[in-house]
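K.L.:
Structure below; questions to follow.
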Amino acid sequence: MIDATRVATWLAALAALACVCLWSAADRLARQGVLLDLPTPFLSGGNTLTARAAEALRRGDPGTADRLSRAALVRRPVDAPVLRVAGLAAIAVGDTRRGDVLMRLAGAAGWRDVPTQFYWAEAALASDALDIAAERLDAVARINARRRQTKSLLLRLEATPRGRAALLRRLRIPNLWATSYLSDVDQLDDAAAIARVKLIAGARSSAVTLDAAVVDRLGWGLIERRRGDLAWQLVERPSGRWLTPFRSDVSSQPGPFEWQVQAAAGLEAMFEPRDGRPGLRIVASGPALLGIASQVIRLPAGDWQLTSAIAGAKTPRPLLVALDCVEGSGAAAMSDPAPPGRFSARLRVPAGCPMQRVTLAVTGEEAARDADLWLNSPTVAPVAQPAP
């Protein structure tokens, strides 16, 4: 015989368990924004109430938002999103003191509540607490949340000298977001691009090590946007050196103002130091004119002399030099007579040609004979003007 009392007890327990499961599921759905407008009274977990309070704030009903968020706090008093919505609701009804306390508690409850971090980043920027703003934005950037909003705030931080200094203090700590942020120039206007270059320069003077590949990507992006003047400022070079030497370390990609070795059929070119001097070995065959290597440079208008030591040449004049304007037109180059073991060319840079590309090529003369030569890093110097 079935015990009616025992059955009733089990049914009551199952019903209670079902209610708990339903309440918990609704609470989780509310956290995801699924139950913002659900009016059912028994779906009253902390997250559900918080979602409804947030929706009331969006509707412009701060009184309802404040009432619901107070009820949510009773159920979840240490949950960052609950504290945040309660704080915003309190501020909306004019209780700024309570709202400030709740927002501070939300900020202390965890770094992963993105809206709370944005709130305090904005507040820090408004009060000129730039180190705090940088810290909050760093926290958001590390979890790759709301990238567009994060970049917008970082650009504001980057726009002033003190903001750049605060950002550099965060960049001393290894992170992944700096790579995409620093090298992204697609959305930068001229003012932001100038600020980005100043940030890189500040990193250099502050002994903050940035990934060279990141700086190179920024430089290439600026050149593509015809802001080679800014890209040039990213390059560390000794005073008076207009050409970068041939590289001895070929394990990384060349930067925008380094020699780029070109590949072609009938051509083998490789960086090859000799006797401690950087150099380029060139092995070429066939009648075609073959480009060997090129470099983007920034010479002022005027006449310039390119010279280099050369060894092992099998042809009388194995090299040619071409000069083209990256921006503008009218640049020219011509080979000059040079003594044995030397190569020389005259470069002419017209006005309106702020950035150039110099290219070394192997001539097609005496095609039946191969060329196997070694070129020491060329140098460029202004041609002395004759005295009047």
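The values are calculated or read from the model by the stated rules, or taken from the named source; none is laboratory data. From a predicted model like this one, the values you see are computed outputs, not experimental measurements. With ideal geometry, Cβ positions are generated from the backbone for all residues, glycine too; neighbour counts draw on all protein chains shown. Accessible surface is based on the protein model in full, side chains and every heavy atom, while ligands, DNA and RNA are left aside. Shrake-Rupley method; radii C 1.70, N 1.55, O 1.52, S 1.80 Å.
K.L.:
Among the residues of segment 47-61, how many are within 36 Å of the chain's Cα centre (by Cα) and of a type in the set (Lys, Arg)?
P.N.:
1
K.L.:
Assigned to a loop (DSSP other than H, G, I, E, B), over 24 Å from Arg217 (Cα atoms) and modelled with pLDDT under 80: is that true of Glu365 in this structure?
P.N.:
So Glu365 passes the test.
K.L.:
I've got another one for you. For Ala134, which of the numbered conditions (1) surrounded by fewer than 20 Cβ atoms within 10 Å (Cβ to Cβ); (2) under 21 Å from the mean Cα position of the chain (by Cα) fails to hold?
P.N.:
(1)
K.L.:
So which of Ala191, Ala207, Ala212 is in contact (Cβ under 8 Å) with a residue 40 or more places away in the chain, open to solvent by 60 Å² or more (accessible area, probe 1.4 Å), out of contact with any helix residue (DSSP H, G or I) (no Cβ under 7 Å at 6 or more places or on another chain) and not charged (D, E, K, R)?
P.N.:
So the residue among Ala191, Ala207, Ala212 that is in contact (Cβ under 8 Å) with a residue 40 or more places away in the chain, open to solvent by 60 Å² or more (accessible area, probe 1.4 Å), out of contact with any helix residue (DSSP H, G or I) (no Cβ under 7 Å at 6 or more places or on another chain) and not charged (D, E, K, R) is Ala212.
K.L.:
Follow-up. Quick check on Leu299: is it open to solvent by less than 30 Å² (accessible area, probe 1.4 Å), touching a strand residue (DSSP E or B) at 6+ places or on another chain (Cβ under 6 Å), assigned to a loop (DSSP other than H, G, I, E, B) and at pLDDT 80 or above?
P.N.:
yes
K.L.:
Can I ask one more? Pick out the one residue from Leu73, Leu68, Leu49 that is among the aliphatic types (A, V, I, L, M), touching a helix residue (DSSP H, G or I) at 6+ places or on another chain (Cβ under 6 Å) and at pLDDT 90 or above.
P.N.:
Selected residue: Leu68, the only one of Leu73, Leu68, Leu49 that is among the aliphatic types (A, V, I, L, M), touching a helix residue (DSSP H, G or I) at 6+ places or on another chain (Cβ under 6 Å) and at pLDDT 90 or above.
Residues checked against (1) buried (at least 19 other Cβ atoms within 10 Å of the Cβ); (2) within 15 Å of the chain's Cα centre (by Cα); (3) within 21 Å of Glu55 (Cα to Cα):
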{"position": "Leu102", "(1), (2), (3)": "yes, no, yes"}
{"position": "Ala121", "(1), (2), (3)": "yes, no, no"}
{"position": "Asp138", "(1), (2), (3)": "yes, yes, no"}
{"position": "Thr150", "(1), (2), (3)": "yes, yes, no"}
{"position": "Leu154", "(1), (2), (3)": "yes, yes, no"}
{"position": "Thr160", "(1), (2), (3)": "no, no, no"}
{"position": "Gly163", "(1), (2), (3)": "yes, no, no"}
{"position": "Leu171", "(1), (2), (3)": "yes, yes, no"}
{"position": "Ser180", "(1), (2), (3)": "no, yes, no"}
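K.L.:
Out of Arg170, Arg136, I need the residue that is under 19 Å from Leu210 (Cα atoms) and without any contact (Cβ under 8 Å) to a residue 60 or more places away in the chain. Which one?
P.N.:
Arg170
K.L.:
Does segment 216-224 contain at least one residue that is farther than 30 Å from Arg281 by Cβ and assigned to a loop (DSSP other than H, G, I, E, B)?
P.N.:
Within segment 216-224 (the criterion being farther than 30 Å from Arg281 by Cβ and assigned to a loop (DSSP other than H, G, I, E, B)), the answer is no, since none of the residues qualifies.
K.L.:
Please go through segment 194-204 and give me each residue that is of a type in the set (D, E, K, R) and open to solvent by 40 Å² or more (accessible area, probe 1.4 Å), ordered by number.
P.N.:
Answer for segment 194-204, where residues must be of a type in the set (D, E, K, R) and open to solvent by 40 Å² or more (accessible area, probe 1.4 Å): Lys198, Arg204.
K.L.:
Of all residues in segment 252-280, how many are over 23 Å from Val235 (Cβ atoms), in contact (Cβ under 8 Å) with a residue 60 or more places away in the chain and either open to solvent by less than 70 Å² (accessible area, probe 1.4 Å) or aliphatic (A, V, I, L, M) (or both)?
P.N.:
2
K.L.:
Are any residues in segment 62-79 crowded, with 24+ Cβ neighbours inside 10 Å and either within 40 Å of the chain's Cα centre (by Cα) or without any contact (Cβ under 8 Å) to a residue 12 or more places away in the chain (or both), and if so, which ones?
P.N.:
Ala65, Ser69
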